[in-house]
Amino acid sequence: MHVLVTGAGGMLGRELKAAFAEGWQVTALSRAELDVARWGDVRERVAEARPDVVVNSAAFTDVDGCESRVDHAMQINAIGAKNVAAAAEAIGAACVQVSTDFVFRGDAHEPYCENDPVGPESVYARSKYWGEVLCREVSSKLTIVRTQWLYGHGGKNFVETILRLASERDELSIVGDQFGCPTFCRDLAQGIRRLVEEATPGTYHLSGRGSCSWFEFAQRILELAGVTGVTVKPTTAAAFGRPAPRPAYSVLRNYHLELTLGDFVREWPEMLAEYLRERSAAN
Ligand SMILES: NC(=O)c1ccc[n+]([C@@H]2O[C@H](COP(=O)([O-])OP(=O)(O)OC[C@H]3O[C@@H](n4cnc5c(N)ncnc54)[C@H](OP(=O)(O)O)[C@@H]3O)[C@@H](O)[C@H]2O)c1
């Protein structure tokens, strides 16, 4: 079996490459090798490679940047996603589109299931949701995987930001009134492989088990990394004041996944501990 991964230079893209390395032929294309916004190139490259499955991990992920670059966000996250799904469909390949918890409004009080009503608010959220819609329109073998709060090796992410800030300051103010679930890209990539190999197409949530606020996440990062002498204080999203609105509560329940493949996803602190162990071994 042959998988083609787009956005392969990103945090998830790298882990996808590794997750499929054994037993699969992998064509991993970075942005420089394939721009998903260019329909002609996408159609040509996918037709040439003739994979059985295409996984689209390419996206414009700068959530605040999307607010001022609306067309750019739509071009990559919506049209780009459709291009990949349509190119896969044209050769009879299955498609996996990676989506986000941001499709939900965030005013729930319990974890979101796959069939809960969406309510995307930011430009990023709307572009990703439109990506879901367009992919469904063009692909007959589509798996949408919604995930959240990703971190992984070699990427810009919250874990790295906290560790950097902790080396520069002795007090950090972190948002305490937004809740989600941190997810290691490794677990997500391996879960995507299982979905491709063992499940039927559909919409699935795949994020770490459990939930926390950004404040609690930061505390756990420092604790597991053995950082001492840094005080973490909770602040509010309103006080932090970022350009893009973010859901206050967007914990995902991996409901469809559990009913299909069982309850194999790890608790988020276990994922984080592994990431930090690997990170410190590499440094
Ligand atoms: N990060 C999160 O917390 C999070 C949460 C939920 C869902 N997701 C979704 O998970 C997926 C993977 O995200 P990630 O966290 O791995 O983000 P990432 O590290 O930013 O990776 C995205 C990759 O896509 C590439 N890209 C951007 N525009 C492209 C284009 N036009 N054509 C081809 N590639 C392009 C980027 O390249 P450049 O770096 O060169 O721009 C980058 O390598 C995305 O679909 C994202 O929306 C992420």
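Residues in region 83-98 that are closer than 10 Å to N56 by Cα and among the hydrophobic types (A, V, I, L, M, F, W, C): V84, A85, C95, V96, V98. Residues of region 117-145 that are within 13 Å of the ligand (Cβ to nearest atom) and either surrounded by fewer than 16 Cβ atoms within 10 Å (Cβ to Cβ) or closer than 19 Å to M271 by Cβ (or both): V145 alone.
Entry remark, region 201-223: residues being farther than 21 Å from A189 by Cβ and open to solvent by 50 Å² or more (accessible area, probe 1.4 Å) number 6 in total.
For region 14-35, what are the residues that are open to solvent by less than 60 Å² (accessible area, probe 1.4 Å) and not polar (S, T, N, Q)? Break it down into steps so the answer makes sense when it comes.
Taking region 14-35 and keeping what is open to solvent by less than 60 Å² (accessible area, probe 1.4 Å), we get 15-16, 19-20, 24, 26-30, 34-35.
Scanning region 14-35 gives E15, L16, A19, F20, W24, V26, A28, L29, L34, D35.
Of all residues in region 36-70, those being open to solvent by 20 Å² or more (accessible area, probe 1.4 Å), under 24 Å from R146 (Cβ atoms) and either modelled with pLDDT under 95 or more than 9 Å from the ligand (Cβ to nearest atom) (or both) number 5. For A239, state whether it is open to solvent by less than 40 Å² (accessible area, probe 1.4 Å) and outside any strand (DSSP E or B). No, not satisfied. Report yes if G23 is under 17 Å from the mean Cα position of the chain (by Cα) and either over 27 Å from L252 (Cβ atoms) or in contact (Cβ under 8 Å) with a residue 24 or more places away in the chain (or both), otherwise no. No; evaluated as a whole, the condition is false for this residue. Contact map, region 129-156: first residue part of a loop (DSSP other than H, G, I, E, B), second residue within 7 Å of the ligand (Cβ to nearest atom), Cβ cut-off under 7 Å, separation 6 or more or different chains; pairs are Q148/T100; Q148/D101; G152/M11; G152/L12; G152/C185; G154/M11; G155/G10; G155/M11.
For region 240-259, a residue qualifies if it is more than 20 Å from V103 (Cβ to Cβ) and in contact (Cβ under 8 Å) with a residue 24 or more places away in the chain, and exactly one does: F240. Flag set for R194, criterion: assigned to a helix (DSSP H, G or I), more than 10 Å from the ligand (Cβ to nearest atom) and touching a residue at least 60 places away in the same chain (Cβ under 8 Å).
Filtered by the rule that a residue be modelled with pLDDT of 95 or more and aromatic (F, W, Y), region 228-283 gives Y249, Y255, F264, W268, Y275.
Checked across region 219-234, the condition of being touching a helix residue (DSSP H, G or I) at 6+ places or on another chain (Cβ under 8 Å) and within 25 Å of P120 (Cβ to Cβ) holds for no residue. Taking region 198-236 as the range and being in a strand (DSSP E or B) and in contact with a Gly (Cβ under 8 Å, 6 or more places away or on another chain) as the test, the residues that pass are C212, S213, P234, T235.
Within region 180-192, the set of residues being crowded, with 21+ Cβ neighbours inside 10 Å and out of contact with any Gly (no Cβ under 8 Å at 6 or more places or on another chain) comprises G180, L188, A189, G191, I192.
Residue pairs whose Cβ atoms lie under 6 Å apart, separated by 6 or more positions or on different chains, with the first residue in region 85-105 and open to solvent by less than 10 Å² (accessible area, probe 1.4 Å) and the second charged (D, E, K, R) and away from the ligand (no atom under 13 Å from the Cβ), are A87/R43; A93/D52.
Among the residues making up region 146-176, none is more than 7 Å from the ligand (Cβ to nearest atom), under 12 Å from the mean Cα position of the chain (by Cα) and surrounded by fewer than 21 Cβ atoms within 10 Å (Cβ to Cβ).
The values are calculated or read from the model by the stated rules, or taken from the named source; none is laboratory data. In this text the structure is predicted, and so the values were computed from the model without any measurement. FYI the Cβ positions are ideal-geometry reconstructions off the backbone, even for glycines, and counts take in every protein chain you see. The area values use the complete protein model at the heavy-atom level, side chains included, leaving out ligands, DNA and RNA. Shrake-Rupley method; radii C 1.70, N 1.55, O 1.52, S 1.80 Å.
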